[in-house]
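In what follows, a structure is listed as structure tokens, so that the remarks can point back to it.
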Amino acid sequence: MRSVFIKEINSFFSSIVGYVAVLVFLVACGLFLWVIPDSSILDYGYANLDRFFELAPWFLMLLIPAVTMRSFADEFRSGTIEWLSTKPLSDMDIILGKYFASLALVVFALIPTLVYVYTVDNLSLIENNLDTGSIIGSYIGLLFLAGGFTAIGVFCSSITNNQIVGFLIGLFACYLLYNGFESLSKIPSFAEGIDYYLSMIGMSFHYGSISRGLIDSRDVIYFLSVIVLFVSLTRLSLNRRTWDTATQD
């Protein structure tokens with residue numbers, strides 16, 4: 001797994017793809033948080049990072065499918081998946097190596113946003129006025145959310161040979177699991193019925209819960225379950241594709 005992880009990290013930073021993805025993410029965060037009036041912290045009037053943690057999942061929803069779209073799609077297109085299969089690596093070694101490499105790039109993109117904590121703290125009229133517990137909880141929530149989105153993106157990449165198709169499917173799947181069920185729960189016909197349970201299926205419900213600064217084991221189990229589910233689906237997809245290739249040969 002380590003060899004696949006190192007190979008993926010090197011491929012990210014030996015080309016312009018990794019740098020562009022991280023740069024676009026950071027520029028988008030900066031523009032929406034400090035420049036664009038409707039979402040600017042400076043116009044908000046309160047020294048907190050609520051706006052950032054509201055917008056960050058949507059930025060990650062665009063960043064992560066862009067990072068993961070080439071994970072397996074590029075291997076299938078170029079035929080190097082057969083070369084990987086001949087190495088002394090199990091399917092899980094390959095999948096987890098690619099998964100953790102993509103997740104590491106996303107974490108690398110999130111690290112510079114810690115500057116916002118220092119900046120907002122210095123802008124506050126009252127010293128040490130930040131809700132540290134909420135900020136720490138929100139960052140933990142972002143890490144879990146990134147883990148879930150990455151697992152979804154890697155799976156979507158494993159079902160197609162085309163990177164753009166993998167990106168679009170991954171984007172739609174991330175949106176559906178993050179906000180789709182929350183939107184469905186607001187349909188009037190579901191009111192006072194299954195609306196609460198529908199919202200619990202969505203990631204936004206559990207991300208919001210962790211962002212309040214209270215790390216509930218149910219939220220942790222939910223995100224870990226999503227990650228395990230999509231990693232398992234990726235393994236099934238990889239097995240099916242390699243089996244189909246072997247049958248054709």
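The values are calculated or read from the model by the stated rules, or taken from the named source; none is laboratory data. Since the model is a prediction, treat every value here as computed from it, not as a measurement. Ideal geometry is used to build each Cβ from the backbone, glycine not excepted, and the neighbour counts take in all protein chains shown. Only protein heavy atoms, including side chains, enter the accessible area calculation; ligands, DNA and RNA are left aside. Shrake-Rupley method; radii C 1.70, N 1.55, O 1.52, S 1.80 Å.
Listed values, structure above:
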quantity	calculated
Tally of residues being free of Cβ contacts under 8 Å to residues at least 24 places away in the same chain and over 23 Å from GLY133 (Cα atoms) across region 202-226	1
Qualifying residue in region 107-125 (condition: modelled with pLDDT under 90 and open to solvent by less than 10 Å² (accessible area, probe 1.4 Å))	yes
Pair list, Cβ under 9 Å, 6 or more apart: region 172-187 residue without any contact (Cβ under 8 Å) to a residue 60 or more places away in the chain, other residue outside any helix (DSSP H, G or I) and surrounded by fewer than 19 Cβ atoms within 10 Å (Cβ to Cβ)	SER185/ALA191; SER185/ILE194
Conditions (1) part of a helix (DSSP H, G or I); (2) open to solvent by less than 70 Å² (accessible area, probe 1.4 Å): number failed by GLU54	(2)
Region 85-98 - residue that is assigned to a helix (DSSP H, G or I) and open to solvent by 10 Å² or more (accessible area, probe 1.4 Å) and, of those, modelled with the lowest pLDDT	SER85
Residue in region 22-66 that is modelled with the highest pLDDT, counting only those that are more than 14 Å from LEU105 (Cα to Cα) and of a type in the set (Val, Ile, Thr)	VAL27
Residue that is closer than 19 Å to LEU229 by Cα, among the hydrophobic types (A, V, I, L, M, F, W, C) and in contact with a helix residue (DSSP H, G or I) (Cβ under 6 Å, 6 or more places away or on another chain), where the choices are ALA173, ALA109	ALA173
